[in-house]
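The values are calculated or read from the model by the stated rules, or taken from the named source; none is laboratory data. Since we're looking at a predicted model, the values are computed, not measured. When we count neighbours, we look across all protein chains shown, and the Cβ atoms used for this are built from the backbone with ideal geometry, even at glycine.
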């Protein structure tokens, strides 16, 4: 959370500014869409991602990473490199 908070907040503010530009336009349809998306994104970036998500992850603990049995068909992606056993050293003759 600490490493991505600035990035998420900055991206959200840029997108909110863009959609507020739509809200300032002349066409009512674009005004409604721009205002609605700007408010929804602002709520998502501030309330949900800053307050509710970290609280829910703290409460759930290890259950955050539970994968139901019916989703076992999904490929297993591992970001961290696994340690391989030490290979015997090869020396030149």
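Remarks
- Of the residues making up segment 22-43, those that are surrounded by fewer than 14 Cβ atoms within 10 Å (Cβ to Cβ) and either closer than 25 Å to residue 64 by Cβ or out of contact with any helix residue (DSSP H, G or I) (no Cβ under 7 Å at 6 or more places or on another chain) (or both) number 9.
- Hits in segment 63-80 - residues which are surrounded by fewer than 10 Cβ atoms within 10 Å (Cβ to Cβ) and under 23 Å from residue 5 (Cβ atoms): 65, 79, 80
- Applying the set (1) under 19 Å from the mean Cα position of the chain (by Cα); (2) at pLDDT below 90 to residue 82 leaves exactly one unmet item: (1).
- Selection within segment 1-10 - touching a helix residue (DSSP H, G or I) at 6+ places or on another chain (Cβ under 8 Å) and part of a helix (DSSP H, G or I): 5, 8, 9
- Residue match in segment 17-40 (condition: farther than 20 Å from residue 56 by Cβ, touching a residue at least 24 places away in the same chain (Cβ under 8 Å) and out of contact with any strand residue (DSSP E or B) (no Cβ under 7 Å at 6 or more places or on another chain)): no
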